[in-house]
1. Between A:Asp50, A:Asp69, A:Asp39, A:Asp26, which is of a type in the set (Asp, Glu), under 20 Å from A:Thr120 (Cβ atoms) and not in a strand (DSSP E or B)?
2. Quick one: in the stretch A:280-301, of everything that is within 24 Å of the chain's Cα centre (by Cα) and facing chain B (nearest Cβ under 8 Å), which residue is farthest from A:Ala197 (Cα to Cα)?
3. Kindly provide the set of residues from the stretch B:70-91 that are touching a residue at least 60 places away in the same chain (Cβ under 8 Å), surrounded by fewer than 22 Cβ atoms within 10 Å (Cβ to Cβ) and of a type outside the set (A, V, I, L, M, F, W, C), ordered by number.
4. Collect the residues in the stretch B:101-117 that are outside any helix (DSSP H, G or I) and either in the same structural domain as B:Met196 (by TED's automatic domain parsing) or of a type in the set (A, V, I, L, M) (or both), keeping them in residue-number order.
5. B:Thr265 is checked against (1) within 20 Å of A:Gln296 (Cα to Cα); (2) surrounded by fewer than 24 Cβ atoms within 10 Å (Cβ to Cβ); (3) more than 11 Å from chain A (Cβ to nearest Cβ) and fails just one. What number does that condition carry?
6. Report yes if B:Glu186 is part of a helix (DSSP H, G or I), within 13 Å of another protein chain (Cβ to nearest Cβ) and within 28 Å of A:Ser155 (Cα to Cα), otherwise no.
7. List pairs: first residue in the stretch B:294-317 and at positive phi, second residue surrounded by 14 or more Cβ atoms within 10 Å (Cβ to Cβ) and outside any loop (DSSP other than H, G, I, E, B) anywhere in the structure, Cβ distance under 8 angstrom, at least six positions apart or on different chains.
Protein chains: 2
Amino acid sequence: MEKVRVGIIGFGCRAYGMTEILLGFDDVEIVAICDKYEDRCENGRKLAQDKRGFNPFTTTNYKEVLSMDNVDAVYIAADWEMHFPIAIDALKAKKAVALEVGGAYCVQDCYDLVSAWEETKAPFMFMENCCYNRDELLATAIARKGLFGRIVHCSGAYSHDLRGEVTGGEENRHYRLRNYLSRNCENYPTHELGPMAKILNINRGNRMVSLVSMATGSFGMEQYVEDRRDTINPHLIGVDFAQGDIVHTLIKCENGETMMLKLDTSLPRSYSREFQVRGTKGLYEQEVNAVYFDGQPEYWSRVEYNEKYKNSAEKYKSMLPNAWQEITQEALDAGHGGMDYVELREFIDRLKDGREMAIDVYDAASWMVITCLSEESIKEGGAPKEIPDFTNGEWKNRPSLDVLDFNEYVEE
Amino acid sequence: MEKVRVGIIGFGCRAYGMTEILLGFDDVEIVAICDKYEDRCENGRKLAQDKRGFNPFTTTNYKEVLSMDNVDAVYIAADWEMHFPIAIDALKAKKAVALEVGGAYCVQDCYDLVSAWEETKAPFMFMENCCYNRDELLATAIARKGLFGRIVHCSGAYSHDLRGEVTGGEENRHYRLRNYLSRNCENYPTHELGPMAKILNINRGNRMVSLVSMATGSFGMEQYVEDRRDTINPHLIGVDFAQGDIVHTLIKCENGETMMLKLDTSLPRSYSREFQVRGTKGLYEQEVNAVYFDGQPEYWSRVEYNEKYKNSAEKYKSMLPNAWQEITQEALDAGHGGMDYVELREFIDRLKDGREMAIDVYDAASWMVITCLSEESIKEGGAPKEIPDFTNGEWKNRPSLDVLDFNEYVEE
């Protein structure tokens, strides 16, 4: 495959940004744009035309994209509700699939996605961009080198004040709004779970066994709406939101590790993923981009500790994958500080080379199922929920696979 | 009461430090020292004699201290297992009780402690020193002023690498060692839970309803012992520890808030309590001693955010209680940066004035019960556990009570 001909399904903000990156790749052609809103289709067509002179077919019916012979791959960034049906139909149509992140609404959807892939084995990659981010890769590189000892625990968060995004935008089209009004769950687990799951070799020598979730009440969105009565969409005034402001989820792994996820999206705060890796010999903390190893000086004052150790992980930057060693300014500017570029390049390269996707359908199913299981757990007062083994026991035999290869440590 | 005559029961490291502070108070006399080890009793007697010329009675039998007519109050810092029996006997002997922190081994002990107090109403204070620490008080002052809006969530940790302490010391006399070998639980919840419970008005308009706990496997202590085979107590080599390295506990409150506790004591790390308060209009983060309010600038980079907001809570320092406005160098040097001094002074002052203790028997029972409930939850795969209401419904009527009074905000 010389050129990859891509159809985009779902053309909101996320797809717009990712399509801009794809349009920068010489070996990619955008041949179709689909969204349920016609104005978005037209935005996409115009973008593709302005940037590369492409004239993609546009449609509001994704099945038309799947029936096009000249579509090699689809990038799916529809609303969360449509991720499963579109991805399943795309796999059945033997299209290569790049599926954007989100969470599942029921366990059966996850099984159906796995079955669809197992039927056709069409290339499938779950587009968890944070797995390609510099911080998370640096921590993973150090972990792979054994410098943290045996990994015992990982934690992270999706801490992002989304009150404006959820309540604003084009006539409340946003899929997040529907979800925040009607559900209470860990609705967006994969940005932190993905990198942790890779470090802990989930589905590859290890697996997630069970979870518990607990949510606060829903106070943040309602306060936000109340404080903006004069300017906000009047339909939102006095409305009850279902989504708890902060949701914690604890996950137990087969090999004795735990993971902690936090969803934190409807109270005032500044963005953070709070990624941490803890081992018997050391740790990584994204908050200060620090490594700390057994025997190093301790500080009672955290402000002093931060001063001393911040950016100490940079000592190991030679171990970052080539994609990050050679990153261009264009890539860094392209979206979320470079990770989107690295991720998309990797999808296209693996597709062209026929290489195995490093975030596969088993990862997608087991990461997305956290959402509906957390919903059940919260409803049942924090009851533990078993996490299905979508690999049907194969997790025991599947070898560890990182999203990118790491380099050796070179002393500076 | 002009002078408070104190007996010390349990004379390990903790009691030594606290007795040094008490010996600095003119209105306190140390009249008895008790420990099950005679050498420790002698250490205590010598300390009291050297510093103030006291000649306290020493004994290995705490009941002898309780039977002394010239003992007004006992400070109990025995091993965790003995906290309940000694405190219950002391209350029944009508002694004022200052009970050091720890966790419960069974729910019934907590009920028995409450009953003993309700029988005699002898003054009782649970000695949770972190409730008197500057950071936590500053956050509470700001919360009380309403600047965080409605409080939604609090979190904190006891993150303290105790591997050396647990495995070392005088012939492994340490009560922690026994616990780490035989139990797996949130064994030390109160340093973070205490300040959170005060902010959330637990037992005073609110209550803790249920919890779930999850623990990692036990890897850190065994690695630590293995790495020190040549120097460590040989009895510990190859021994299995029961305590998981990191234990997370999620607590649901009657009024819709949640709390998250982390015990993190057997992996390499630097000390932190990670205290956080989250509300609909702002937050406090101990890690950077920061406040952040709705509408302030956000940063994608956490390192930049830390730089911008670190120590921003200091703007509100005029609101700190008088004890922290007037703190002396002697107090700051006395133990844990001043909080032990402030706490002990408060116990003595309230006792002399006959004022209600701000951390009472209901707080002690409901905070310590977390330990045995977390143990059950972990054993049962994270099953939710109901938290008893030790106030028997009175939590609805009891007014909020802070450990110290706050001052007004004064612009600098």
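The values are calculated or read from the model by the stated rules, or taken from the named source; none is laboratory data. Bear in mind that the values here come from a model prediction, so they are computed numbers and not experimental data. Glycine gets a Cβ as well: all are built from the backbone with ideal geometry, and neighbour counts include every protein chain shown. What goes into the accessible areas is simple: the full protein's heavy atoms, side chains included, and nothing from ligands, DNA or RNA. Shrake-Rupley method; radii C 1.70, N 1.55, O 1.52, S 1.80 Å.
1. On the way: A:Asp50 fails: under 20 Å from A:Thr120 (Cβ atoms); A:Asp39 fails: under 20 Å from A:Thr120 (Cβ atoms); A:Asp26 fails: under 20 Å from A:Thr120 (Cβ atoms).
Within the list A:Asp50, A:Asp69, A:Asp39, A:Asp26, the selection yields A:Asp69.
2. Here the residue is A:Val288.
3. Selection gives B:Asn70, B:Asp72, B:Asp79, B:Glu81.
4. Taking the stretch B:101-117 first, the residues outside any helix (DSSP H, G or I) are B:101-106.
Once the filter is applied, which keeps residues that are outside any helix (DSSP H, G or I) and either in the same structural domain as B:Met196 (by TED's automatic domain parsing) or of a type in the set (A, V, I, L, M) (or both), the stretch B:101-117 yields B:Val101, B:Ala104.
5. Answer for B:Thr265: the failing condition is (2).
6. On the way: part of a helix (DSSP H, G or I): no; within 13 Å of another protein chain (Cβ to nearest Cβ): yes; within 28 Å of A:Ser155 (Cα to Cα): yes.
No.
7. The qualifying pairs are B:Asn311/A:Val303; B:Asn311/B:Val288; B:Asn311/B:Ala290.
For every residue, the table says whether it meets (1) in the same structural domain as B:Ala93 (by TED's automatic domain parsing); (2) in contact (Cβ under 8 Å) with a residue 12 or more places away in the chain; (3) under 17 Å from B:Ala87 (Cα atoms).
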| position | (1), (2), (3) |
| --- | --- |
| B:Ile9 | yes, yes, yes |
| B:Gly17 | yes, yes, no |
| B:Glu20 | yes, yes, no |
| B:Leu23 | yes, yes, no |
| B:Asp26 | yes, no, no |
| B:Ile30 | yes, yes, no |
| B:Ile33 | yes, yes, yes |
| B:Lys36 | yes, yes, yes |
| B:Ala48 | yes, yes, no |
